[in-house]
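The structure under discussion appears below in the form of C-alpha cells.
Computed from the coordinates by the stated procedures, all read-outs in this text should not be read as laboratory data. None of the values given here were measured: they were computed from a predicted structure. Cβ coordinates were reconstructed from backbone atoms using ideal geometry, including for glycine residues, and neighbour counts include every protein chain displayed.
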Amino acid sequence: MEKRELICIGCPMGCPMTVTMENGEVLSVSGNTCKRGDVYARKEVTNPTRIVTSTVTVEGGADVTVSVKTASDVPKGKIFDCVKALKGVTVKAPVKIGDVIVENAAGTGVDIVATGNVRAV
Ligand code: SF4
C-alpha cells in the first residue's frame, strides 16, 4: 500500500490530502473538504494535467504582448514543451480573445489561445 500526500489546489483553503493507492489504483482520498478535492487528488496521482499560461509578442498593436493559455488541460509532462512551442511566436494585431495562437501545441491536440484583446494601431 502506498500513501501520497497532496495539497489541493482547487481553492485558497489548500486542504492537505492523503491518497491511499495500491498497484496504481486509488483506494481512498482523505483530508479533502469537498468533492473537488477528491476529483483533483484522483486525477493528480493517475493523470496529472495543468492549464499552461504565458504571453506572446504582438506586432502593430496597442499592447506589445497578449496573454495566452492552453484551451484545456494538458498532461503535466508536456508543460515545458508547450512553453517551448510559444518561444519566438509573434502575432499581428488585432488579437481577440479565443484566437488560436498555436495549433495542437506540442502534439497534445490542445490549441493555445489568446486570453486578451489587442487592437491594431
Ligand atoms: S478540497 Fe475543496 S475546500 Fe479543500 S482546497 Fe480543495 S477545493 Fe478547496
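Results, tabulated for the structure shown:
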item: Hits among lysines - C-alpha to C-alpha of Lys3 under 20 Å, sequence gap 8 or more where chains match; result: Lys35, Lys43
item: Compactness of region 2-47 - radius of gyration and Dmax, Cα, Å; result: 9.6, 32
item: Built amide H within the under 5 Å cut-off of Asn32, gap 5+; result: Thr18
item: Theoretical FRET efficiency, 1/(1+(r/R0)^6), r = Cβ-Cβ of Cys11 and Glu103, R0 25 Å, to 0.05; result: 0.20
item: Cα Rg, Dmax, the chain, angstrom units; result: 18.4, 61
item: Residue-by-residue Karplus 3J(HN,Hα) for region 7-14, coefficients 6.51, -1.76, 1.60, Hz, glycine and proline x; result: 10, 5, 9, x, 7, x, 5, x
item: J(HN,Hα) series, region 50-58, from Karplus relation 6.51 cos²θ - 1.76 cosθ + 1.60, nearest Hz, glycine and proline x; result: 8, 7, 9, 10, 6, 9, 10, 6, 10
item: C-alpha long axis of helix 35-46 to longest principal axis of the chain, angle in °; result: 90 degrees
item: Among Thr108, Thr70, Thr33: highest mean-square fluctuation, GNM of the chain, C-alpha pairs under 10 Å; result: Thr33
item: FRET E, pair Ser72, Val121, Förster distance 30 Å, beta-carbon r, rounded to 0.05; result: 0.40
item: Pairwise label distance in nanometres, Thr18 with Val89, each label 7 Å out on the Cα-Cβ vector; result: 4.2 nm
item: Sequence-distant lysines (8 or more away, or on other chains) whose Cα lies within less than 19 Å of Lys69; result: Lys78, Lys84, Lys87, Lys92, Lys96
item: Helical mean residue ellipticity (222 nm; -39500 (n - 2.57) per DSSP H run of 4+; nearest 500) of the chain; result: -4500 deg cm²/dmol
item: Separation between Cα centres of region 1-77 and region 91-107, rounded to whole Å; result: 23 Å
item: 3J(HN,Hα) from dihedral phi, region 106-119, Karplus parametrisation 6.51/-1.76/1.60, rounded to Hz, x for glycine, proline; result: 6, x, 7, x, 10, 7, 9, 10, 6, 10, x, 10, 9, 7
